[in-house]
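Just below is one structure, and these are the notes that go with it.
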Amino acid sequence: MKVAFYDAKPYDKVWFDALSEQYGVEIKYFDFKLNAETAPLAAGYDAVCIFVNDNANKQTLDILYEGGVKLLALRSAGYNNVDFKSSHGKIHVVRVPDYSPAAVAEHAVALLLTLNRKTHRAYARTRDNNFNINGFIGMDLVGKTAGVIGTGKIGRVYAGICKGFGMNVIAFDPYPAEDSDIKYVGLDELLRSSDVISLHCPLTPETHHIINRENLDKMKPHAIVINTSRGALIDTAALIDALKSRKIGGAGLDVYEEESDYFFEDLSDTIIEDDELSRLLTFPNVLLTSHQAFFTEEAMHEIARVTMENIKAYGANLPLDNEICYKCGEVCTKNENTGRCF
């Protein structure tokens with residue numbers, strides 16, 4: 001199998017090179033993202049491997065298909081950047097559904113703890129020999145209410161950690177986890193009752209801007225919002241207004257609506273032209289990390305391994321256990337003979 005690997009970073013090469021020979025996969029790395037302009041470079045390859053900020057829209061997929069690509073392998077769990085209707089019947093799409101729920105959940109907690117106790121600001125201050133603690137006051141988490149929006153594997157791990165802190169955990173999810181001890185409530189109740197609100201749901205038309213101006217108005221004035229899922233779950237303009245007017249206590253963000261041109265890149269010598277991103281970086285009660293919640297050794301190994309397994313399965317005409325299509329979860333029934341969506 002020949003694979004065109006887009007948006008490759010040095011750490012990607014470390015983990016994928018270690019497995020390429022074992023799986024019989026020949027990889028061509030591109031350090032730029034997949035889009036309609038770069039898709040022609042995949043002509044002649046069997047598969048394309050992409051990450052969260054690559055753009056697999058209709059135009060891009062048509063170019064890939066015309067070039068002979070038959071498999072799109074996402075090295076991520078999320079897939080909101082793929083036009084599934086355009087790929088169906090042409091290009092199979094596989095993903096890594098479960099690489100390390102603990103990695104993302106633990107990073108969400110790290111954002112919460114850091115933002116609450118201002119340890120990032122304390123570090124900067126003491127490095128300058130300033131040992132004044134004025135402005136660093138936080139709140140006890142024990143006894144506070146943690147609201148979890150989305151209770152898939154990551155959301156449930158996060159809820160478990162919060163319970164370990166002695167927090168009261170409530171959750172909202174249209175599809176509650178079976179056999180769990182999680183207390184489910186309506187979204188309005190969660191927004192009004194929670195001291196901390198963490199997002200662990202996929203980005204869909206239903207969840208787009210689930211944290212909007214109206215819902216921000218329902219939150220407690222000291223509430224902290226955490227997002228390690230997808231940036232467009234939050235209306236950034238509304239969040240900025242809520243922060244400016246002190247309607248909420250702060251935000252810990254590992255993702256951003258328009259992150260594709262910025263995250264994972266070194267822009268330290270440039271001017272950020274995105275006014276909303278620049279504004280977020282000015283708030284003392286906003287902690288922004290660059291989509292690194294997944295970034296642990298365990299998760300990177302599993303991402304590489306499962307991606308390689310997906311590619312190997314396609315090349316060997318085996319069932320694609322991790323395939324998804326626009327009908328999946330509704331009317332899609334994988335062919336019982338091939339184990340594929342089409």
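Residue by residue through segment 278-299, note down the ones that are touching a Leu at 6+ places or on another chain (Cβ under 8 Å) and either of a type in the set (Ser, Thr, Tyr) or in contact (Cβ under 8 Å) with a residue 12 or more places away in the chain (or both).
Across segment 278-299, the qualifying residues are 280, 283, 285, 286, 287, 288, 289.
Scan segment 55-90 residue by residue and report those that are of a type in the set (Lys, Arg) and closer than 19 Å to residue 8 by Cα.
Answer for segment 55-90, where residues must be of a type in the set (Lys, Arg) and closer than 19 Å to residue 8 by Cα: just 75.
Any residue that is closer than 30 Å to residue 186 by Cβ, touching a residue at least 24 places away in the same chain (Cβ under 8 Å) and either surrounded by 19 or more Cβ atoms within 10 Å (Cβ to Cβ) or polar (S, T, N, Q) (or both) - is there at least one of those in segment 116-132?
Within segment 116-132, one or more residues are closer than 30 Å to residue 186 by Cβ, touching a residue at least 24 places away in the same chain (Cβ under 8 Å) and either surrounded by 19 or more Cβ atoms within 10 Å (Cβ to Cβ) or polar (S, T, N, Q) (or both).
Within segment 1-19, track down each residue that is more than 26 Å from residue 59 (Cα to Cα) and either touching a Lys or Arg at 6+ places or on another chain (Cβ under 8 Å) or buried (at least 18 other Cβ atoms within 10 Å of the Cβ) (or both).
Within segment 1-19, 12, 15, 16, 19 qualify.
I'm trying to understand the selection: among the residues of segment 211-249, which are more than 17 Å from residue 277 (Cβ to Cβ), open to solvent by 20 Å² or more (accessible area, probe 1.4 Å), in a loop (DSSP other than H, G, I, E, B) and touching a residue at least 24 places away in the same chain (Cβ under 8 Å)?
212, 218, 220, 221, 222, 246, 247, 249
Pairs please, first residue from segment 252-268 and of a type in the set (S, T, N, Q), second anywhere and open to solvent by 50 Å² or more (accessible area, probe 1.4 Å), Cβ atoms under 9 Å, 6+ apart in sequence or on different chains.
Qualifying pairs under 9 Å: 260/55.
Would you point out which residue out of 46, 98, 54 is within 30 Å of residue 328 (Cα to Cα), of a type in the set (Asp, Glu) and open to solvent by less than 20 Å² (accessible area, probe 1.4 Å)?
54
Consider residue 253 carefully, then state whether it is open to solvent by 40 Å² or more (accessible area, probe 1.4 Å) and within 30 Å of residue 216 (Cβ to Cβ).
Answer is no for this residue.
Inside segment 134-155, can you point out the residues that are touching a strand residue (DSSP E or B) at 6+ places or on another chain (Cβ under 8 Å) and open to solvent by 50 Å² or more (accessible area, probe 1.4 Å)?
If the condition is that a residue be touching a strand residue (DSSP E or B) at 6+ places or on another chain (Cβ under 8 Å) and open to solvent by 50 Å² or more (accessible area, probe 1.4 Å), then 143, 144 are the ones that fit.
Would you please name the residue that is least open to solvent (accessible area, probe 1.4 Å), looking only at residues in segment 191-210 that are of a type in the set (Ser, Thr, Tyr) and outside any strand (DSSP E or B)?
So the residue we want is 194.
Scan segment 157-186 for residues that are assigned to a strand (DSSP E or B) and either charged (D, E, K, R) or within 18 Å of residue 228 (Cβ to Cβ) (or both) and report the count.
Count: 4.
Restricting attention to segment 280-316, and to residues there that are small (Gly, Ala, Ser) and within 30 Å of residue 237 (Cα to Cα), which single residue is most open to solvent (accessible area, probe 1.4 Å)?
290
Name every residue in segment 61-95 that is acidic (Asp, Glu) and farther than 19 Å from residue 328 by Cα, in order of residue number.
62, 66
The values are calculated or read from the model by the stated rules, or taken from the named source; none is laboratory data. All figures in this text were calculated on a predicted structure; none of them were measured in a lab. Backbone-built Cβ (ideal geometry, glycine too); neighbour counts: all protein chains shown. Each accessible area value is taken on the protein alone, full model and side chains, heavy atoms only, with ligands, DNA and RNA left out. Shrake-Rupley method; radii C 1.70, N 1.55, O 1.52, S 1.80 Å.
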